[in-house]
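Notes to accompany the following structure.
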Amino acid sequence: MDMKCFEWNGFKRGDFYFEGRLGSIVFPNKEGWGNGRLCVMMEYFEPFTIIEEELLNVGFHLAHLQNANRCGTDVDHGVKARFVDYIAGEFHLNPRFVGIGLSCGGLHTVNFASRYPEYMSLLYLDAPVMNLLSFPLAFGSPNPIGEDHKLFREFSSAYGFTMRDFIVYREHPIDRIPTLIENRLPVAMVYGDSDDVVPYLENGKVLEDAYRLTDIPFFCQGKVGCNHHPHCLEDNTELLEFIRQNML
């Protein structure tokens, strides 16, 4: 492996190319209950790194692979599974990982988990995009976007969709929840109760309602008065314990 190493937030990080994409792995400074385990940032490697650093501090390795887009399309899922197999083999890690999905990272995390549930140890979702009619299309707001909007053009290009295609599409992350439940994948979710970018009622709440009807481990914490940013909790003690107790 041809890897360039440097310091990242007090940890050793190595960057390398995998199938033409930039891949990164960050190494823990000490062992802990996460020793031999992996967490993967599914999109947006930075700037909100609180939970990632805390997982590193208990022994996890942290990885990220550059996506073709932030929209959660299938073009990114197969290569990510092969990437995880590769680094798990190189560094003697369990390939079943904690998927971390912030915002559009939620698209990647849920969509990947529905395609490759055997790789997913636990989903950590923070203000996740789970309904394309909500974000980017904003159909639930007084001002839905049109086909000339830059967000529509971005997602339309990624999916190859017209507006009508988005309206009749039935593979949003919220449509994939039954697959998560069928595979009994634990979920931890954090959200802002004042999020007007990715409204919780149209996105994460659908997942919460479905999981509340099961006995699958589920952690959910809302942040009072918080909009879409900042991501993460100030105190992750309870969240980390949930991960420790429930990851597959």
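Bear in mind these aren't lab numbers, they're just calculated from the coordinates by the rules spelled out. What you see is a predicted model, and the numbers here were worked out from it, not measured in a lab. Cβ: placed from backbone, ideal geometry, glycine included. Neighbour counts: every protein chain shown.
Annotations for the structure displayed:
- Cα-based radius of gyration for the stretch 92-172, normalised by 2.2 N^0.38 Å, reads 1.26.
- Over the stretch 1-148, equivalent-ellipsoid semi-axes from the Cα gyration tensor in Å: 28, 16, 15
- When the alpha carbon coordinates of the chain are projected onto the principal axes, the ranges are 50, 38, 32 Å, largest first.
- Checking the cross-link pairs Lys30/Lys80; Lys4/Lys80; Lys12/Lys223; Lys80/Lys150 against a 30 Å limit on the alpha carbon distance flags Lys12/Lys223 as lying beyond it.
- Note on the stretch 129-160 and the stretch 68-123: Cα centroid distance 24 Å, given to the nearest whole angstrom.
- Extending 7 Å from Cα along the Cβ direction at Asn143 and again at Arg21 yields two label points whose distance is 3.4 nm.
- Taking the C-alpha atoms only, the angle from helix 237-246 to the longest principal axis of the chain is near 80 degrees.
- Percentage relative contact order, the chain, counting C-alpha pairs under 8 Å, at least six apart: 16 percent
- Table column - 3J(HN,Hα) (Hz), the stretch 189-199, Karplus curve with 6.51, -1.76, 1.60, x for Gly and Pro: 9, 10, 8, x, 6, 10, 5, 9, 8, 10, x
- Electrostatic dipole magnitude of the stretch 194-248 [Cβ: Lys, Arg +1; Asp, Glu -1; Cα centre; debye, to 20]: 100 debye
- Highest mean packing comes first when the peptides 135-141, 154-160 are listed by Cβ atoms within 10 Å, giving 135-141, 154-160.
- Potential extension, Gln221-Phe11 segment - 0.36 nm per residue separation minus Cα distance: 72.8 nm
- For Leu22, net neighbour charge (Lys/Arg +1, Asp/Glu -1) across residues whose Cβ lies under 14 Å away: -2
- Stretchable slack from Ile50 to Glu238, in nm (0.36 nm times residue separation minus alpha-carbon distance): 66.3 nm
- Compactness of the stretch 15-99 - radius of gyration and Dmax, Cα, Å: 12.3, 35
- For the peptides 53-64, 208-219, the ranking by mean Cβ contacts within 10 Å, running from highest to lowest, is 53-64, 208-219.
- Counting 0.36 nm for each residue step from Asn183 to Val168 and taking away their Cα separation leaves a gain of 2.8 nm.
- Each helix, a run of at least 4 DSSP H residues, gives -39500 (n - 2.57); summed and divided by the residues of the chain, these come to -9000 deg cm²/dmol at 222 nm.
- The chain: angle of helix 104-115 to the longest principal axis, Cα-based, in degrees nearest 10: 80 degrees
- Across every direction, the projection of the convex hull enclosing the Cα atoms of the stretch 119-248 has a mean area of 8.9 nm².
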